[in-house]
Amino acid sequence: MAQDVPGGVSDAVVTARGVRRIFGSDVVLDGIDLTLRRGEMVALVGRSGSGKSTLLRTVAGLDHGHDGSIDVDGSVAVAFQEPRLLPWKRVHRNVSLGLPGADGRQRAVDALAEVNLAHRVDAWPLTLSGGEAQRVSLARALVREPELLLLDEPFGALDALTRITAYELLIRLWKRRGFAVLLVTHDVEEAVLLADRVLVLDGGRIAHDVAVSAPRPRLRADPDVVGLRSTVLTHLGVLEGIPA
């Protein structure tokens, strides 16, 4: 775990043992063991079809067809790559969707302020930029006050500059709120820039667990970041460089 994990809490929010998921004749998860501690940020990387999103959906309770055990101790919220906003509801109503009680609007306003969108509370989703829509999706997760935030490639559709701003926002919210994060990403550099640990999935198993102890903020050109990126790519069987 990185030294700057909020609060230094060490107990587990996710404990998975022997998780196995089969689709037809395809074994997607093959005996996954995973412990995710409170305040820890963990990234899942792997080749296409390695089971990253399946594992996240299983932890989220969205996929019930698995064997083995998964214990989640705390509230959970999920944000996906697609913001999945309802176009006929204003932004604040998308954020407060499904919340009990009469204070839904105020809770939505507060969450939108946290993601720097207080000025878009009454906007329609179709008027939002891609980055704004993704932040609304994040606010919809935050308003549920999660102890575990599950992110399924949330930055994949963003342009490079917007993605950098999104990274900074996520780190700021994570430090302020102290939730654990499980991030699925296809971007190795993103994993190393954000996470305390990078888990490499291969053959339905966690093949490698790479600790990232570099202090934050991390820059792409930092030697530690460059070295860890190379390590993870090697574990993925990817050789860097351009063929002659």
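The values are calculated or read from the model by the stated rules, or taken from the named source; none is laboratory data. Quick caveat, the model's predicted, so the values are computed rather than measured. FYI the Cβ positions are ideal-geometry reconstructions off the backbone, even for glycines, and counts take in every protein chain you see.
Going by the conditions given, is Phe155 farther than 30 Å from Asp26 by Cβ, aromatic (Phe, Trp, Tyr) and either surrounded by 22 or more Cβ atoms within 10 Å (Cβ to Cβ) or out of contact with any Leu (no Cβ under 7 Å at 6 or more places or on another chain) (or both)? Steps first, please.
Working: farther than 30 Å from Asp26 by Cβ: no; aromatic (Phe, Trp, Tyr): yes; either surrounded by 22 or more Cβ atoms within 10 Å (Cβ to Cβ) or out of contact with any Leu (no Cβ under 7 Å at 6 or more places or on another chain) (or both): yes.
Considered against the rule, which asks whether it is farther than 30 Å from Asp26 by Cβ, aromatic (Phe, Trp, Tyr) and either surrounded by 22 or more Cβ atoms within 10 Å (Cβ to Cβ) or out of contact with any Leu (no Cβ under 7 Å at 6 or more places or on another chain) (or both), Phe155 comes out as no.
Looking at (1) out of contact with any strand residue (DSSP E or B) (no Cβ under 9 Å at 6 or more places or on another chain); (2) farther than 30 Å from Ser230 by Cβ, find the lone condition where Lys175 falls short.
(2)
Tell me yes or no: at least one residue of region 83-97 is assigned to a helix (DSSP H, G or I), among the basic types (Lys, Arg) and outside the structural domain of Leu201 (by TED's automatic domain parsing). Explain how you work it out, then say what you get.
Step one: filter region 83-97 for residues assigned to a helix (DSSP H, G or I), giving 91-95.
Adding the requirement that they be among the basic types (Lys, Arg) leaves 93.
Then keep just the ones that are outside the structural domain of Leu201 (by TED's automatic domain parsing); that gives 93.
Among the residues of region 83-97, at least one is assigned to a helix (DSSP H, G or I), among the basic types (Lys, Arg) and outside the structural domain of Leu201 (by TED's automatic domain parsing), which makes the answer yes.
Here's the yes/no breakdown for (1) buried (at least 22 other Cβ atoms within 10 Å of the Cβ); (2) part of a helix (DSSP H, G or I); (3) within 19 Å of the chain's Cα centre (by Cα); (4) not hydroxyl-bearing (Ser, Thr, Tyr):
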| site | (1), (2), (3), (4) |
| --- | --- |
| Val45 | yes, no, yes, yes |
| Leu56 | no, yes, yes, yes |
| Gly65 | no, no, no, yes |
| Ile70 | no, no, yes, yes |
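Looking at (1) buried (at least 19 other Cβ atoms within 10 Å of the Cβ); (2) at pLDDT 90 or above, which one does Tyr167 not meet, given that it meets all the others?
Tyr167 satisfies all of (1) buried (at least 19 other Cβ atoms within 10 Å of the Cβ); (2) at pLDDT 90 or above except (1).
Can you tell me which residue within region 200-242, out of those that are free of Cβ contacts under 8 Å to residues at least 24 places away in the same chain and among the acidic types (Asp, Glu), is surrounded by the fewest Cβ atoms within 10 Å (Cβ to Cβ)?
This residue is Glu240.
Out of the residues in region 91-104 that are surrounded by fewer than 15 Cβ atoms within 10 Å (Cβ to Cβ) and more than 22 Å from the chain's Cα centre (by Cα), state the one that is modelled with the highest pLDDT.
Per the stated criteria, the residue is Asp103.
Filter region 9-31 down to the residues that are charged (D, E, K, R) and in a strand (DSSP E or B), then identify the one that is surrounded by the most Cβ atoms within 10 Å (Cβ to Cβ). Walk me through it before giving the result.
First, pick out the residues of region 9-31 that are charged (D, E, K, R): 11, 17, 20-21, 26, 30.
If we keep only those that are in a strand (DSSP E or B) too, we end up with 17, 20-21, 26, 30.
On the way: Arg17: 13, Arg20: 14, Arg21: 21, Asp26: 10, Asp30: 14.
Selected residue: Arg21.
Could you list, ordered by first residue, the pairs with Cβ atoms under 8 Å in which the first is in region 106-121 and touching a residue at least 40 places away in the same chain (Cβ under 8 Å) and surrounded by fewer than 16 Cβ atoms within 10 Å (Cβ to Cβ) and the second is of a type in the set (A, V, I, L, M, F, W, C) and part of a helix (DSSP H, G or I), at least 6 apart or interchain?
Qualifying pairs under 8 Å: Asn116/Leu169.
Name the residue that is surrounded by the most Cβ atoms within 10 Å (Cβ to Cβ), counting only residues in region 170-184 that are of a type outside the set (Phe, Trp, Tyr) and either assigned by TED's automatic domain parsing to the domain that holds Glu114 or farther than 22 Å from Leu201 by Cβ (or both). Can you show your working first?
Of region 170-184, the ones of a type outside the set (Phe, Trp, Tyr) are 170-173, 175-178, 180-184.
With either assigned by TED's automatic domain parsing to the domain that holds Glu114 or farther than 22 Å from Leu201 by Cβ (or both) added as a condition, the list becomes 171-173, 175-178.
Details: Ile171: 18, Arg172: 13, Leu173: 20, Lys175: 14, Arg176: 10, Arg177: 15, Gly178: 14.
Among those that are of a type outside the set (Phe, Trp, Tyr) and either assigned by TED's automatic domain parsing to the domain that holds Glu114 or farther than 22 Å from Leu201 by Cβ (or both), it is Leu173.
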